[in-house]
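Trainee: Mind having a look at this structure? Questions to follow.
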Amino acid sequence: MLVIPLLFLLVAGVFSDSSLDLTDASFDGELEKVETALVMFYAPWCGHCKRLKPEFEKSAGDLIKNDPPVTLAKVDCTEAGKEVCNRFEVRGYPTLKIFRNGELSSDYNGPREAAGITKFMKAQVGPASKVLKDAEDANKILNKDEVVVFFLGDDSSDLGKTFGKVSAKLRESVAFANSDASVVAETLGQPLGSVVLVRPKHLQSKLEPSQVVYSGSETDKTALEAFISKNYHGLVGHRTADNAKDFTGATIIAYYGVDYVKNVKGTNYWRNRIAKVCKEFPEFSCAVSNKDDFQQELSEFGYDYVSGATPVIAARNAAGLKFKMNEEFTIDSFSSFLTDLEAGELEPYLKSEPLPDNEGKGVKVAVAKNFDELVTKSTKDVLVEFYAPWCGHCKKLTPIYDELGEKMMDEDVEIVKMDATANDVPPQFNVRGFPTLYWLPKGSKQPKSYEGGRELDDFVKYIAENASDELKSFDRKGKAKKSEL
């Protein structure tokens, strides 16, 4: 069997599609041969994907000629790449992810035009960790306004190799530096043969150590990643638009005039008070955010505008439910709020439109207040659409969806839609774009992402095939049943 080198295929592809098309069968084998790859997971019918494709292809042609080269690849999630897309939990299109030697490195959050993609991905290759030669190099890094993870020792050691793999994987979000010079180790005050996370001066406080030394396995990259993740943001992180994705699960966010450029002292005045309380509630991830940078997020908690210097507090529990502290911030009121939140004694905050009149409607309208009744606790199978009023694709779908609702009125199936911009979407539904549709069988009520076509026949065939009980008017293949005379 003739084996054609991957590089030849990639270079040859420049004359047509410059990116590589991958399938379930070829994905792992091809990417293992590539040091750095950007993969676009797409659906052929997706308008955003169609707009991105020419930019993606243009960048692919530039990046394969880069030194070192970067591979751009595509996976069709509706055909030969379904299993791969499910494995990497692709929920919206297009989704882009960075891979290194076949392993997922990170989500791609960069530009979506050719020049920007090329520039962003060029920055992904080369050394992930900065080599420090002397004390001057070390001090330059220590004086930066960012958390830095250092490896002090021989790169060829077990710990050095593990550090190398982890730094390559986390290079987008974490700054790394390494040195085998004893003078650099002395500058940090740590011995050779250690990994140490160092906080920048403006984030250091008496409530936690400024340096944290790794004490786990020298060969376990998962353990080292976990160490970095656990300690990176510290007791109270500085949450920005760039790193907001790091703060998930049970989180407490204090919003106020956070400014580490013009007002370090004032910013830390409140941050230290927040940290003092958060230290007593380690199950929560705490952070401070600039109120002006997160006005849209604040509106999701019912804050129209935050005035004054005093922080306002918003929270999510482990289940993703939202809570807000209504009392003015003091150490005592904040402590009481967290105590009640921990004990489950607070009512969640719910953003919801008024209850609609759904009587006689083929498509039922869900809002936050009736979603459980209409969808998750319904005794019927449910197809639910999450939409945005301004979304062109949603507007195009509306008459089709309305006709579907009429066809299903006499069936044991509920057709539902919800404005996801005006109502809180339950956390088990991952809505990243519009429209997003989910199917919920009446038995399990486990949401399943609908990835089928958007024409009426596509919906009917899907429902006929997946309905818990066979439909009255359609067979399992979606064919209309003949009426008995």
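Trainee: Excluding ligands and nucleic acids, what accessible area in Å² is computed for HIS393 using a 1.4 Å probe, to the nearest 10?
Mentor: My reading of the accessible area for HIS393 is about 80 Å².
Trainee: Longest exposed-loop-site-free stretch of the chain, with chymotrypsin sites (Phe, Trp or Tyr not before Pro), DSSP loop and at most 11 other Cβ within 10 Å? Present the calculation step by step, with values, prior to reporting the outcome.
Mentor: Working: sites that count: TYR305, TRP390.
It runs 1-304.
Trainee: Counting only protein heavy atoms and a 1.4 Å probe, tell me what percentage of the range 346-427's accessible area is made up of carbon and sulfur. Could you put the intermediate results ahead of the total?
Mentor: Numbers: 2070 of 4060 Å².
So the carbon and sulfur contribution to the accessible surface is 51 percent.
Trainee: Using a 1.4 Å probe and ignoring any ligands, DNA or RNA, find the accessible area of ASP259 and quote it in Å² to the nearest 10.
Mentor: 50
Trainee: Divide by every residue of the chain the summed helix terms, -39500 (n - 2.57) for each DSSP H run of at least 4, and state the resulting mean residue ellipticity at 222 nm, rounded to the nearest 500 deg cm²/dmol.
Mentor: Details: 14 runs with 142 residues, N = 485.
About -8500 deg cm²/dmol.
Trainee: Shifting gears a bit: Tell me the label only: which of (1) 44, 34, 18; (2) 37, 26, 20; (3) 37, 29, 20 is semi-axes √(5λ) of the Cα gyration tensor in Å as calculated from this structure?
Mentor: (1)
Trainee: Which is farthest toward the positive dipole end of the chain among SER129, ALA223, CYS46, measuring Cα position about the Cα centre, with Cβ charges +1 (Lys, Arg) and -1 (Asp, Glu)?
Mentor: Farthest towards the positive pole: SER129.
Trainee: Would you mind telling me the share, in percent, of accessible area of the range 54-155 contributed by carbon and sulfur at probe 1.4 angstrom?
Mentor: On the way: 2240 of 4890 Å².
It is 46 percent, rounded to a whole number.
Trainee: Please compare each pair in LYS276/LYS324; LYS144/LYS221; LYS245/LYS276 to a cut-off of 22 Å on the Cα-Cα distance and tell me which ones are over it.
Mentor: Working: LYS276/LYS324 19 Å; LYS144/LYS221 26 Å; LYS245/LYS276 24 Å.
Flagged as over cut-off: LYS144/LYS221; LYS245/LYS276.
Trainee: Under 20 Å between alpha carbons, and skipping anything fewer than 8 positions from LYS201 in its own chain: which aspartates and glutamates qualify?
Mentor: GLU136, ASP137, ASP145, GLU146, GLU186, ASP259
Trainee: What are the trypsin sites (Lys or Arg not before Pro) within the range 233-314 that DSSP puts in a loop, where the Cβ has at most 10 other Cβ atoms within 10 Å?
Mentor: Details: sites: ARG239, LYS245, LYS262, LYS265, ARG271, ARG273, LYS276, LYS279, LYS291; in loops: ARG239, LYS262, LYS279, LYS291.
Passing both the DSSP loop test and the Cβ count: LYS262.
Trainee: Given the chain, what percent of its DSSP beta bridges are antiparallel, to the nearest 5?
Mentor: On the way: 35 of 72 bridges.
Taking every DSSP beta bridge with both residues in the chain, the antiparallel ones total about 50 percent.
Trainee: So which GluC sites (Glu not before Pro) in the range 51-128 pass both tests, a DSSP loop state and at most 16 other Cβ atoms within 10 Å of the Cβ? Provide the component values of the computation, followed by the final result.
Mentor: Values: sites: GLU55, GLU57, GLU79, GLU83, GLU89, GLU103, GLU113; in loops: GLU79, GLU89, GLU113.
Qualifying residues, ordered by number: GLU79, GLU89, GLU113.
Trainee: How much area per residue is accessible in the chain when the probe is 1.4 Å and only protein heavy atoms are counted (Å²)? If you can, show how the numbers build up before the last one.
Mentor: On the way: 25000 Å² over 485 residues.
Here the per-residue accessible area is 52 Å².
Trainee: Across the range 202-209, in residue order, what do the Karplus-derived ³J(HN,Hα) couplings come to in whole Hz, using 6.51 cos²θ - 1.76 cosθ + 1.60 with θ = phi - 60° and x for Gly and Pro?
Mentor: So the J values, rounded to whole Hz, are 6, 10, 8, 8, 6, 7, 7, x.
Trainee: Something else about it: Computing the accessible area with a 1.4 Å probe over protein heavy atoms, can you report the carbon and sulfur percentage for the range 200-261?
Mentor: Values: 1600 of 3140 Å².
C and S fraction of accessible area: 51 percent.
Trainee: Where a Cα-Cα gap under 23 Å defines reach, which lysines qualify for LYS377, not counting those fewer than 8 residues away within the same chain?
Mentor: Excluding near neighbours in sequence, the set is LYS322, LYS351, LYS361, LYS364, LYS369, LYS407, LYS417, LYS442, LYS445, LYS448, LYS472.
The values are calculated or read from the model by the stated rules, or taken from the named source; none is laboratory data. Predicted model, so just to flag it, every value in this text is computed and none were measured. In this analysis, Cβ positions are derived from the backbone assuming ideal geometry, glycine residues included, and neighbour counts consider all displayed protein chains. Just the protein is used for accessible areas: all its heavy atoms, side chains included, with ligands, DNA and RNA removed. Shrake-Rupley method; radii C 1.70, N 1.55, O 1.52, S 1.80 Å.
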